[in-house]
Structure formats: C-alpha cells, structure tokens
Amino acid sequence: MPKFLITSAIPYVNGVKHLGNLVGSLLPADVHARFRRQLGDEVLFICGTDEHGTPTELAAAAADLPIRQFCDREHARQADIYRRFGLSFDYFGRSSSPENHGLTQHFYHRLDAGGLIEERDVQQVWSPRDQRFLPDRYVLGTCPHCGSPDARGDQCEGCGRLLDPPDLIQPRSAISGQTSLELRWSRHLFLRQSQLIERLRAWLETRHGWPPFVASLARSWLTSELCDRCITRDLTWGVPVPRSGFEGKVFYVWFDAPIAYIAATQAWAACDPTRRRWQDWWCESENTRYIQFLGKDNVPFHAVSFPATLLGSDERWKTVDVIKGFHWLSYAGGKFSTSRKRGVFTDAALEELPADLWRWWLIANAPESSDTDFTVDRFVADVNKDLADVFGNLVNRILVFCRRTFDGRIPAGGQFGTDERALANEVTAKLASIRYQHEQLDFRRAAAETRALWVLANTFLQRAAPWSAGGDQAAVITRVTLNLVRLCAIAAHSIVPSLSGIVLSAFDDHAAIPHWPGHPIADNLDGYAGHAVKPIGRLVEKLSDWDVLRLKRRFGD
Ligand SMILES: [Zn+2]
C-alpha cells in the first residue's frame with residue numbers, strides 16, 4: 001500500500017502571497033492531498049514558511065521589528081490565511097526552526113566528509129552608499145546570457161538562468177540604485193555539484209511522470225555544465241556555518257529551504273512521538289511516493305540542488321518521485337508582483353469572497369501547460385456559470401423539490417429502471433475519469449470532468465422532470481437525483497471542500513473526508529430511502545455587476 005508524501009514549495013515569509021503563489025504550488029498540493037485521503041491513502045502534507053535571507057532582513061527593518069519577531073508575526077499571518085483557504089497541511093513549519101538548523105548543519109557535515117565542500121575566495125559586491133555587502137538579488141544588472149537589463153544577481157527572470165552577482169554586466173544596487181559598487185573578497189563554501197553530475201543524471205533517468213516542461217528543464221540543467229554552487233553568505237540571519245573561520249556567516253537560504261521539508265516532518269513527529277515517526281517518510285520509505293508541487297522558477301532547486309544535497313550526503317534519503325511544476329498566473333496581462341503589490345493577494349481575496357470561489361477558478365484554470373491570465377471578468381463569468389448556474393442550481397432545485405413534494409425525506413417507491421441504469425453507467429464512467437485526472441495530477445482536466453458530472457446530473461434532472469411525473473416515477477427520479485447530488489459533492493470535495501461540506505451536511509454527512517464512492521454506483525443512486533434531507537440556503541449566490549465593479553476597484557484590474 002503506497003503512502004503519499006506531498007510538499008508544496010515553502011512560501012517566503014516577507015509578505016502575504018498572491019493568487020499566483022497559491023495556484024503555483026500550495027493549492028494544487030492541497031487538492032491532491034485531499035483527493036488521496038478520499039481514496040483512503042495514507043498522506044503526509046508538509047509546508048511551511050521560508051524565513052532566511054536578505055529579503056526578510058530588509059522587510060523586518062522596514063517594519064521596524066527584530067527579525068525573529070517579524071518572522072513570528074508573518075508566519076502566523078500566512079498560516080491563518082492558508083487555514084481560511086482550506087489548505088489541509090498536516091504540518092506548517094518554519095525554515096528557521098531548531099530542527100532545520102540541526103539538519104542543515106548535518107547535511108553540511110556529510111557533504112564535507114564526502115569531499116564535496118570546498119573553500120573559495122569570492123568577490124562580493126560591497127555598496128559604500130548602503131554600507132553593506134549586497135545580497136545577490138539586490139544587485140541588478142544586464143544578464144550575460146540573454147542581455148535582459150534587469151537581471152538579478154541570483155537569477156535572471158528573462159532566461160531563468162542562475163547567476164552570481166559578479167556575472168552581471170554594469171551592476172547597480174537595488175536598494176540605493178548606486179552604481180559605484182566595489183568588489184571585495186570574502187571566503188565562502190561551495191558545494192561541488194560538478195562532482196555529482198553523473199549521479200544526478202542517473203537519478204533523473206529513474207524518475208517518471210513529470211510534466212514534459214519540468215523534465216526538459218531538469219535535463220537542461222544537467223546537460224549544460226553544472227556549476228559548483230556557493231552555499232554560504234555574509235549575513236547574520238540564517239543557519240550558522242559550523243566551521244572555523246566562518247563565524248558570522250550563514251548558509252545560503254536556498255541551501256536550507258528545501259531541507260525544511262524534512263525538518264518540518266521532524267517537528268510534526270515531535271508533536272506525537274508515540275505514534276509518528278518522521279523516518280517512516282524520509283528514511284525507511286520504500287512504499288512512499290513523494291510528490292513536490294512548485295512553480296517553474298523553483299525547478300532547478302528541486303530537480304538539481306536539493307537532490308545534490310540528498311545524494312551527496314551518501315545517506316539513504318527519500319528523493320522526489322514526481323515534480324509537478326506550474327507556469328505563471330498572470331494578472332490582467334501583466335505580472336503578479338509581491339514587491340510591487342500588483343494583483344490579487346490572498347488576504348484581500350478572502351475579504352471579498354469565500355475561499356471556494358477562488359479555489360474553483362484557480363484549479364479549473366491552473367497554469368499547467370502554459371501561463372494563464374487572471375481577469376475579474378473571466379473569474380466572475382466562470383464562477384457564475386460553473387458554481388452558481390450548474391452546481392448551485394442543481395443542488396438547490398432538487399432539495400427544494402424534495403422538501404415541497406416529499407416532506408424533506410428521500411422518497412422510497414418507484415423502480416430503478418432503464419433510464420436510471422443508463423445514468424448509473426454514465427456516472428460510473430465520469431467518476432473513473434475524474435479519478436484518473438487527479439491521479440495524473442492533471443488539475444484542469446480534473447476540474448473539467450467534475451463540472452461534466454454536474455452537467456450530467458442537471459441534464460438528467462431536466463429530462464426526467466420529476467415535477468411533471470406521477471407519484472412513483474417522481475419518487476425514483478428524486479431519490480436518484482438526490483443521491484447523484486451527493487456524489488457530485490463528494491467528487492468536488494478536493495477542489496471546493498466547503499461547498500462540498502455544505503451539500504453533504506444536507507444529508508447529515510459531516511465526515512471531514514468524504515470517501516470516494518465505491519462500486520456499484522447504481523446502489524449508491526438507489527439508496528438512502530427514508531433518510532431526511534435538511535434545508536440549506538442558496539449554495540452559491542451569483543455575482544452581480546456590482547460585484548464586478550467592486551472587485552475591479554479593489555484589485556485595480
Ligand atoms: Zn538572462
């Protein structure tokens with residue numbers, strides 16, 4: 001029996017994330033975790049905040065708070081937002097945790113013992129105006145590979161290549177704009193990834209089921225000359241480097257951040273040590289299937305850097321089986337941007353509308369094979385059509401009819417006939433298709449097939465028309481449609497858990513995880529005669545022109 005380890009890329013702690021961050025890793029990871037739990041699979045869903053590095057230092061300074069206090073506040077804030085979005089993490093940890101400090105230093109010692117760590121003197125950018133070494137991403141300049149004029153010192157957003165600040169042509173400070181920068185020598189540690197290239201390549205060849213663009217990105221990293229990577233920085237906030245001569249330096253945030261997946265699992269296990277073992281997931285893990293969810297900019301770190309750390313340790317660590325990568329969600333034709341506050345941010349989204357409306361749209365339009373553009377008009381049109389017209393109307397129509405005609409009980413009587421058996425076959429096929437798309441990690445198709453099940457139910461109800469049928473005939477149609485509505489809600493649970501829960505509560509089903517329907521579906525559809533059906537309010541209110549105006553004003557679309 002396989003078990004599923006699911007991680008989402010850990011969001012950076014420096015500010016509230018936008019919908020692009022949500023759909024690029026956190027939300028699809030949650031949908032898959034929920035779906036797997038519905039099947040009865042054992043699941044561990046891990047995430048956390050990424051807290052080290054200079055952006056945190058600068059954000060804390062801007063907020064006039066000590067860094068630790070700033071991180072405490074922002075971690076709690078993000079955790080609360082994700083809880084309200086229905087993200088069902090088993091543990092939401094922190095890269096600044098004692099566990100992560102310990103593990104990061106452990107990996108360093110193992111890599112050092114394996115001859116994979118080397119001291120080198122590097123030139124670093126010193127800004128006299130800012131009176132500090134400029135961290136990589138705070139040096140801007142022209143990319144030596146593609147010529148983009150605004151490449152950052154850590155990575156060029158134009159071509160995606162990883163950079164070191166001295167690579168940049170005509171560098172300038174992102175903090176002050178100062179161009180009179182100096183290069184100063186500083187001693188740092190390098191992870192000799194070049195020594196691991198054959199092992200990484202062999203490892204990559206044993207991975208299957210990655211989206212084609214992720215697999216080719218990963219391969220491109222290993223076929224181009226894989227550079228050794230500087231894994232330390234001249235900063236004070238981070239994991240200290242346990243090596244003489246390196247006092248006052250810390251590990252690079254990208255070295256310790258993925259290790260936090262393991263550290264968060266240790267913290268999860270420490271909450272209930274008699275029943276939980278982190279080693280079951282990361283060490284003795286033959287039956288574990290490990291899936292990582294992340295945006296395409298994170299692919300090199302997860303397909304090369306983190307595996308280099310794990311393989312280079314020469315210990316038996318679980319490595320990722322499938323990387324599910326995502327393209328970008330753009331915002332009204334431009335980029336979502338945390339630093340420029342452009343786009344829909346997760347806190348503001350929840351102030352305007354219930355989480356499930358956002359969840360539905362984002363999954364139904366997930367940027368899986370190419371970028372997706374968010375606009376308020378598209379969002380409102382889809383939510384009104386799919387959730388209000390198709391799913392919501394179906395639910396409310398049959399519940400109201402049952403209350404008026406059958407006193408709020410699932411009616412017995414009538415024969416489960418040819419039409420109903422044909423319907424059962426169609427529903428069986430549709431459920432199998434929804435399940436298949438989820439198993440393939442094909443989120444847009446999973447949403448499309450879920451919607452197709454709702455449409456199928458609507459079509460049946462419309463054609464069978466219990467309101468103009470006789471007593472027994474009306475009873476069987478109502479019974480079948482009510483049971484079909486239950487199946488529609490169960491099938492939608494992983495994407496819209498709150499709406500699904502409201503519908504199931506009408507049937508007095510309050511299970512946190514509604515089990516995926518077993519066979520045969522015909523029995524499901526013909527069952528539950530005599531059970532009470534409770535009234536629920538309007539499931540989804542249609543968004544009006546006023547809502548459109550309000551959303552556009554709020555989000556500046
Ligand atoms: Zn470039």
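The values are calculated or read from the model by the stated rules, or taken from the named source; none is laboratory data. Because the structure is predicted, anything quoted here is derived from the model rather than measured. Cβ sites come from the backbone with ideal geometry, for glycine too, and all protein chains shown count toward neighbours. Keep in mind that these areas ignore ligands, DNA and RNA; they rest on the heavy atoms of the full protein, side chains included. Shrake-Rupley method; radii C 1.70, N 1.55, O 1.52, S 1.80 Å.
Worth pointing out:
- Yes/no for Ser220 being surrounded by fewer than 17 Cβ atoms within 10 Å (Cβ to Cβ), touching a Cys at 6+ places or on another chain (Cβ under 9 Å) and closer than 22 Å to Leu162 by Cα: no
- All of Leu183, Leu189 fail the test of being open to solvent by 30 Å² or more (accessible area, probe 1.4 Å), more than 16 Å from the ligand (Cβ to nearest atom) and under 24 Å from Gly245 (Cβ atoms), apart from Leu183.
- Residue match in the range 282-300 (condition: open to solvent by 10 Å² or more (accessible area, probe 1.4 Å) and of a type in the set (A, V, I, L, M)): no
- Residue, least open to solvent (accessible area, probe 1.4 Å), within the range 312-368, restricted to residues that are on the phi > 0 side of the Ramachandran plot and touching a residue at least 12 places away in the same chain (Cβ under 8 Å): Gly343
- For the range 113-136, the tally of residues that are open to solvent by less than 30 Å² (accessible area, probe 1.4 Å) and either in a loop (DSSP other than H, G, I, E, B) or within 11 Å of the ligand (Cβ to nearest atom) (or both) stands at 3.
- Considering residues of the range 168-180 that are in contact with a Ser or Thr (Cβ under 6 Å, 6 or more places away or on another chain) and in a strand (DSSP E or B) only, the residue most open to solvent (accessible area, probe 1.4 Å): Gln170
- Residues satisfying the stated conditions in the range 137-153, i.e. within 16 Å of the ligand (Cβ to nearest atom) and either assigned to a strand (DSSP E or B) or touching a residue at least 60 places away in the same chain (Cβ under 8 Å) (or both): Arg137, Val139, Leu140, Gly141, Thr142, Ala151, Arg152
- Test: Asp419 is part of a strand (DSSP E or B), more than 25 Å from Arg84 (Cβ to Cβ) and open to solvent by 10 Å² or more (accessible area, probe 1.4 Å): no
- Matching option when the condition is touching a strand residue (DSSP E or B) at 6+ places or on another chain (Cβ under 7 Å) and crowded, with 18+ Cβ neighbours inside 10 Å, among Leu431, Leu441: Leu441
- Arg110 being touching a residue at least 24 places away in the same chain (Cβ under 8 Å), closer than 29 Å to Thr309 by Cβ and more than 16 Å from the ligand (Cβ to nearest atom): yes
- Listing of helices (runs of 4 or more DSSP H) fully contained in the range 338-416 that carry 3 or more residues being farther than 24 Å from Ala522 by Cα: 346-352, 355-364, 376-382
- Matching residues in the range 154-167 - criterion: being buried (at least 22 other Cβ atoms within 10 Å of the Cβ) and either away from the ligand (no atom under 16 Å from the Cβ) or within 25 Å of Thr236 (Cα to Cα) (or both): Pro165
- Of everything listed in (1) closer than 29 Å to Ser216 by Cβ; (2) assigned to a helix (DSSP H, G or I), the single unmet condition for Ile323 is (2).
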